[in-house]
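The values are calculated or read from the model by the stated rules, or taken from the named source; none is laboratory data. In this text, all values refer to a predicted model and were calculated from it rather than measured experimentally. Positions of Cβ are generated from backbone atoms using ideal geometry, with glycine treated the same way; all protein chains shown enter the neighbour counts. Accessible surface areas use protein heavy atoms only, side chains included; no ligands, DNA or RNA. Shrake-Rupley method; radii C 1.70, N 1.55, O 1.52, S 1.80 Å.
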Amino acid sequence: DTKGKLAAINAYVAENIGGMRILQLYGRVAKNSERFRTLSGDYRDAQLRTVRLYAMLWPLTSFFNAASVAVALYASGKLTLDGSVTTGLMIAFILNVRDFIHPIHVILEKYNIFQNSLTGAERVFTMQDEEAEELPAPLPPIRRLRGEVEFREVEFRYRDGLPLALDRVTFNVKPGQSVALVGRTGSGKSTTIALMQRLYDITGGAISIDGRPIESYGRRELRSRIGVVQQDTFMFRGTVAENIGLADPLISRERIEGASVGARLGEFLNCHSGGLDAKIEERGANLSFGERQLIAFARILAFDPDILILDEATANIDSHTEQLIQEATRQVRQGRTSLIIAHRISTIMDCDQIIVLDHGRVAETGTDAELYARGGIYRKLCDAQFNEHSATAPALEV
């Protein structure tokens, strides 16, 4: 019980430190501090109960020891007076009774330590019971991928009993094509790209890349040929160059420099002393969102994958940075199969194919012009964004 409460405190502290800005912006520092005091109080009370019970252990065992010796003295003394036993035998019996108490002390003490260790052992065994991600047998390494991706009647649910996240999804992406996945939140866009990276295995249907079932690729090799730019790009503490090359010995300094040029990082490097050797703080705390995105695009160019996945890569940025990212996007898409998730319709209008997902199913497929003319879900999304931008645009004064 005390170990569980301590784990709750540690998790709560880590969560609040990570979300400190949100707490400050919404004035939740005092409330969360009160919650922390409550958790600490529960842990203190549980720990005191444990200490109190443990403190009672020694007096009880000492009392049991004294009572045992007293009873032995009384019984053996009476037997000695009656002549049933000798004095030497009586002394030996009393000493044996005293020696019997010490092992009981040790057993009870170790039992307390054992109980404290059970919680930690349970977590260790839970981690050991997790199945290994890699396939048992090593697979031949992937040289290069042409980039043809096909989903055939793919079904997937995250856990048994939950509804299908993807329901008979079927589409085909030709090598070098740019395909956009659009739809409302929860329609299955992120699930689709997660299955392509084999972060999960499908529960029905089939996914193939270059005509081979995706299960025939090793996860490590497959992911080495798929580049991903996420909405929230993770930055490591170190330099810009280290975050682009990720300390891969196969990526030279010249390659990193070329990638930074292709990703339009010139303006960023000029604003930070040190250029590619400029220091980056933990999780990129000293960088803007757009700067982190540009570094992520430079990573893609440095690692040169065959399939590119852009997951909301242009969200929450200003117009100037968006223009830089759009230029970087065009650069990294050249010669690669690209799957793009975007809520901004303006960023996907030049895609070769647009797939509209709705409640885990493919609702519409076509180009921007075809889908808009059809007047379905895609047109509603476009009109909703147009009306939103029109409502928020400043009025012109004459």
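Accessible surface ranking for Phe171, Phe234, 1.4 angstrom probe, highest first: Phe234, Phe171.
Distance from the C-alpha centroid of region 1-39 to that of region 53-90: 54 Å, rounded to the whole angstrom.
Of all lysines in the structure, the ones whose alpha carbon falls short of 26 Å from that of Lys3, not counting any fewer than 8 places away in one chain, are Lys31, Lys110. When the accessible area of the chain is computed with all protein chains present and a 1.4 Å probe, what percentage of it is carbon and sulfur? Accessible surface attributable to carbon and sulfur in the chain totals 57 percent. For mean projected area of the Cα convex hull in nm², the value computed from the atomic coordinates appears in the list [x] 19.8; [y] 33.6; [z] 37.2 under label [y].
Comparing Thr61, Thr203, Thr347 in a Gaussian network model of the chain (Cα springs below 10 Å), the most mobile by mean-square fluctuation is Thr61. A probe of 1.4 angstrom, applied to the heavy atoms of all protein chains, finds Leu310 with accessible area near 10 square angstrom.
When the surface is traced with a 1.4 Å probe over the full set of protein chains, Glu291 keeps roughly 40 Å² accessible. Taking every DSSP helix (H) stretch of at least 4 residues in the chain, weighting each as -39,500 (n - 2.57) and dividing the sum by the residue count yields a mean residue ellipticity at 222 nm of -17500 deg cm²/dmol. The heavy atoms of Ser288 offer some 60 square angstrom of accessible surface to a 1.4 angstrom probe. Which residue, Pro305, Pro175, Pro163, has the most motion in a Gaussian network model of the chain that connects Cα atoms within less than 10 Å? Largest GNM mean-square fluctuation: Pro163.
If the segment from Ile17 to Arg37 were pulled out straight at 0.36 nm per residue, it would be longer than the present Cα-Cα gap by 5.7 nm. For the chain, DSSP calls about 55 percent of its internal beta bridges antiparallel.
Using the 1.4 Å probe convention, the accessible area of the chain works out to 60 Å² per residue with neighbouring protein chains retained. Site pair Ala278 and Arg361 shows an inter-label distance of 4.9 nm when each label is modelled 7 Å from Cα along Cα→Cβ.
Note on Arg152 and Lys380: their simple-model spin labels are 3.2 nm apart, each label 7 Å out from Cα toward Cβ.
For the pair Gln323 and Arg159, a Förster radius of 35 Å applied to the C-beta separation gives a FRET efficiency near 0.25, rounded to the nearest 0.05.
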